[in-house]
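Participant: To start, I am sharing the structure in question, which I have written as structure tokens.
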Ligand code: G3P
Ligand code: MG
């Protein structure tokens, strides 16, 4: 069964470095993370790259959509997924790969992401965990690479979470830790799913959540959360 670390660096170590960049992954490693989370989407020419938003504006200051930009025209700080995997190899980092498709490219993004993982993921690293808010992406990932573990992403757990998880063959549920209630945590744990929470940067909150049985805390500040959970 997939073993997740207690702490995963969100977009690398987004509290300290520009999110979803190689610098952010290095910073996460320096601050003690053994895994990072990152967001994968496709460029106009179908290259998988790391970017959270549909637009480059917030993080890169360029007012353009990723879906309309070719890989060669991206700012140099935006890594390709392949370059990121090479960086994980160098640093010995595991990864929660969030499939974050641009609208209309849900299945394609998943297929390209798993094809890249199949080709490039180092055997020496722990197998990655795939996650997505989009069930179409998780289903496409399941079909293309059933051996990669998957987690559903859900902002607030509702009565439908288990149907979603079963439909995509998920082993995990990653949810907004600020909205997680103890009864919902019990429900997930009793059903034998791995339970992850995002994005928790407060040590007391992280301790309360792991006290509820949460397996894994995704955080912008891995050093603080690691220190809080020792
Ligand atoms: O994968 C956990 C978390 O990253 C999901 O939300 O919006 O930060 O990608 P977001
Ligand atoms: Mg994410």
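Participant: Just to verify a result, which residue in region 163-178, among those that are touching a helix residue (DSSP H, G or I) at 6+ places or on another chain (Cβ under 8 Å), outside any loop (DSSP other than H, G, I, E, B) and more than 16 Å from ligand 2 (Cβ to nearest atom), is farthest from residue 10 (Cα to Cα)?
Facilitator: Among those residues, the one meeting the criterion is 167.
Participant: Residues being within 16 Å of ligand 2 (Cβ to nearest atom) and not in a loop (DSSP other than H, G, I, E, B): count how many of those fall in region 89-112.
Facilitator: So the answer is 9.
Participant: Another one. Mind listing just one residue for me: the one in region 197-209 that is more than 16 Å from ligand 2 (Cβ to nearest atom) and buried (at least 20 other Cβ atoms within 10 Å of the Cβ) and, of those, nearest to residue 7 (Cα to Cα)?
Facilitator: Looking at the filtered set, the residue picked out is 206.
Participant: Looking at 50, 65, 117, 74, which is the one that is without any contact (Cβ under 8 Å) to a residue 40 or more places away in the chain, in contact with a strand residue (DSSP E or B) (Cβ under 6 Å, 6 or more places away or on another chain) and away from ligand 2 (no atom under 16 Å from the Cβ)?
Facilitator: 65
Participant: With away from ligand 1 (no atom under 13 Å from the Cβ) and under 16 Å from residue 97 (Cα atoms) as the only criterion, which of 171, 186 stands out?
Facilitator: Of the residues listed, the single one that is away from ligand 1 (no atom under 13 Å from the Cβ) and under 16 Å from residue 97 (Cα atoms) is 171.
Participant: Go through (1) surrounded by 16 or more Cβ atoms within 10 Å (Cβ to Cβ); (2) under 19 Å from the mean Cα position of the chain (by Cα) one by one and return the number of the condition residue 147 breaks.
Facilitator: So the condition that residue 147 fails would be (1).
Participant: If you go through region 179-196, how many residues are surrounded by fewer than 19 Cβ atoms within 10 Å (Cβ to Cβ), more than 20 Å from residue 138 (Cα to Cα) and either within 16 Å of ligand 2 (Cβ to nearest atom) or within 21 Å of the chain's Cα centre (by Cα) (or both)?
Facilitator: Residues in region 179-196 being surrounded by fewer than 19 Cβ atoms within 10 Å (Cβ to Cβ), more than 20 Å from residue 138 (Cα to Cα) and either within 16 Å of ligand 2 (Cβ to nearest atom) or within 21 Å of the chain's Cα centre (by Cα) (or both): 2 in total.
Each reported figure results from applying straightforward, stated rules to the coordinates on display, with no laboratory input. Please read these numbers as outputs of a predicted model, since none were measured by experiment. Cβ sites come from the backbone with ideal geometry, for glycine too, and all protein chains shown count toward neighbours.
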